[in-house]
Amino acid sequence: MNKIWRIRGKEGRFTDEELIRMIEKGELSKDDYISTNEMKTWMKIKDTIYQFYLKRGN
Amino acid sequence: MNYLPSKLLKLRKHYNYSQAHLAEVLGVDVVEYMAYENGRKVLNYAQCKKIANLYHVGVVDIFKNTDEVTLYEVSNAKTDELNIEYFIPKKTFDERIREFIKNNPVLVGMAAGVVILGIIVIALFGNNNDSIPYEASLTNINRLSVSETTVVYIYGDGAVKGSGDNSNGQLSNLPSSSAIKVAEGKDFTVILHNDGTLSAAGLTGSELETISKWRNIVDIAAGDDHVVAVDNKGEVYAVGHNNDYGQCDVNGFKNIRKVYATSNGTIVLDNEGKLSFTGEFVGSSQLKNFSNIIDIDASNDNLVILDGGGSIEYIAKYKNFLNIYKWKDIVDVTCGDAFVAALGKDGKVLIDCEDARMEKEVAKWENIIAIDSGNDYLIAFDGERIYGTGRNEYHQFVSDDFEQTVLDQVGDVKISIGEGTIDVSFAAVENAGGYEVRLNAGEGNVKKVASNQMVSFFADGLVNGNNYQITITTLGDDEKYLDSEPLVVDFTYIRPGGSSTSEEYIDIDVYFEGMGVEEFKKYLASIGVSNIICVETGSPCEGDTQTIISVDGISHGQRIARSDLANAMVTYYTCQIPGPEEGNE
């Protein structure tokens, strides 16, 4: 699968799996911004369905 | 809260789909789909795109964690009994097609192709013409052909030129005259000449030998690895890969006038305007439902059909293209995986897609005479110039509308600590739409400026000797230019004239919120704070005790010099003890 995710403040592109792993491990917080080329703006993780993977209190 | 389950349920019920159908669309089993609807699992991004395509909404509409979602009116929502796999509009063709052909001279761009290749031809239909003439009778027509990686043009004099991927020589040594049509495979180009013979670029061996023997050819098409052609007697020929799909099993086709190809499939249009197919094709089992067809185009996921009345129909695997029913007087059609486009008699291009940028670009095009598309890009030709929008990985067309650039971070940042202010200056970034400058010292310390002017923050709340951060983001326009990565610059606030050395520090380790006011005041006194402002808010206290709602000036976890505490201004906000109710006086 192509690497599609951009994470604001981090270089490179990330797959779904990589992004989810970083969220689950707490390396990304609810206020970190993510985007893809298909999205016109950045979105905070807490505003996406991937907030499902956030640790409680993260 | 996870809003995905309710959103999925709402959409599925609206479109009257079963969980089994959704599971099939997503390529998972029903149990897994149920997990998405009951919130035990979350869709990944690719699945969100499939769902978005199916429901004709933007992918962000699915990915965004709200229960807001657009529900389009569905007059022909499918049921699983009607069709398990594909969405088939239940509109039928009628005699208008023949009548229209008789009564209207129509400029018809003939699109063939596939995801991977389409061929657009402009043809003029005359009066009193019940049948559609063979393209070979047409001469000196500018033509356009599009594959996934290349765009090939035929000029009026029959010269062929192309742009895009030439890694296999598919764009090399193209003829300088006599070409009337081209078809592009994965890594080759086939050319139909005005004498009914074929030549090719990037094709070798027995396949090249075979096509070189074909005569009186009037139409050609190419899939990933096969070539198909039809002669002036309606006989169909094919050569190339035939494994697994049977895309070259064309012996049964008779009285054919046009041929088309998908990656691993062949579609033919006969003299009665009916379609047949062999090999792999998205809506194969539904083709028999259509007749009196003038032209088609196909992508991996979609098939679009032009009727003689100038309106279009489609078969789609995932997506609804409901806007196409508003379109009138269409002379050419094409489709990618996420869009359907049509050329109107007025030379304007219409597109049904979810991408606002593509819509915006297409709206600019005028006097277009041909359109064609790859999987994820659209090409238009006005007789002189090629226009394009969408993915342009191989630079098939000249356009910058889709290329987004992440802006650079600002450079040469200078942070000056003045008398009561923090002043930030930085170098300008080319193409910046503005800058956001943020100081991490409480709310309100965010400023947006249109140019790289100096930005100042009041230093009132800053504590002498503490570390702070200035974060600067170069702002884009969200279309061509994207915001830069934020640039973070650390600095230590040393108050002018003051000193951060030889100080006694105190760690604030008390949570103030909810603390009683009297207890709070005692704490402030114990650490040496004397400048205190009380603000009583309108929020009623829960009991008889007045408690702290919030505090400015000091905060939990802060390390602060005792001398600064002595000078600190602390403002605390409290709830209000309810007074006697009105009317009880």
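Key figures for this structure:
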read-out: For B:A261, residues with placed amide H under 5 Å, excluding near neighbours; value: B:G113, B:A222, B:I267
read-out: Residue-span extension gain [B:K41 to B:S212] - 0.36 nm each, minus C-alpha spacing; value: 55.9 nm
read-out: Average partner coverage of A:42-50, which counts Cβ from other chains inside 10 Å; value: 5
read-out: Summed residue charge, Cβ within 10 Å of A:K10's Cβ, Lys/Arg positive, Asp/Glu negative; value: -1
read-out: Ranked by how many other beta carbons lie within 10 Å on average, peptides B:363-374, B:268-279 from highest; value: B:363-374, B:268-279
read-out: Local electrostatic count, B:C575, Cβ distance below 13 Å [Lys/Arg +1, Asp/Glu -1]; value: -4
read-out: Residue order, fewest to most surrounding Cβ atoms within 10 angstrom, among B:D490, B:D307; value: B:D490, B:D307
read-out: Antiparallel DSSP beta bridges within the range B:505-576, as percent of all bridges there, nearest 5; value: 55 percent
read-out: Inter-chain shielding of B:3-11 (mean C-beta neighbours from other protein chains, 10 Å cut-off); value: 1
read-out: Residue mean of other protein chain beta carbons inside 10 Å, B:44-52; value: 4
read-out: Exposure proxy order (Cβ contacts within 10 Å, fewest to most) of B:T474, B:T197; value: B:T197, B:T474
read-out: Formal net charge of residues neighbouring B:Q546 (Cβ-Cβ distance under 15 Å; K, R +1; D, E -1); value: -4
read-out: Cut-off under 5 Å, modelled amide H: who pairs with B:N320 long-range; value: B:H56
read-out: Inter-centroid distance (Cα atoms) of the range B:194-209 relative to the range B:513-585, Å; value: 87 Å
read-out: Set of lysines with alpha-carbon distance to B:K319 below 20 Å, sequence-local pairs under 8 removed; value: B:K7, B:K10, B:K13, B:K49, B:K50, B:K64, B:K78, B:K90, B:K91
read-out: The range B:221-285: translational diffusion in µm²/s, Stokes-Einstein, Kirkwood Rh over Cα pairs, 4 °C, 1.567 mPa s; value: 115 µm²/s
read-out: Nonlocal amide H pairs with B:T150, under 5 Å, H built at 1.01 Å; value: B:D165
read-out: Rounded to whole Hz, the Karplus (6.51, -1.76, 1.60) HN-Hα couplings of the range B:530-541, x for glycine and proline; value: 10, 8, 10, 10, 9, 10, 8, 7, x, 5, x, 6
read-out: Proxy reagent accessibility, fewest Cβ within 10 Å first, across B:V333, B:V190; value: B:V190, B:V333
read-out: Shape of the range B:21-70, Cα gyration tensor, a/c cut at 1.5; value: oblate
read-out: Peptides B:12-24, B:54-66 ordered by average Cβ neighbours within 10 Å, highest first; value: B:54-66, B:12-24
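A short reminder: the numbers here are calculations on the coordinates, not readings from a lab. Please read these numbers as outputs of a predicted model, since none were measured by experiment. Positions of Cβ are generated from backbone atoms using ideal geometry, with glycine treated the same way; all protein chains shown enter the neighbour counts.
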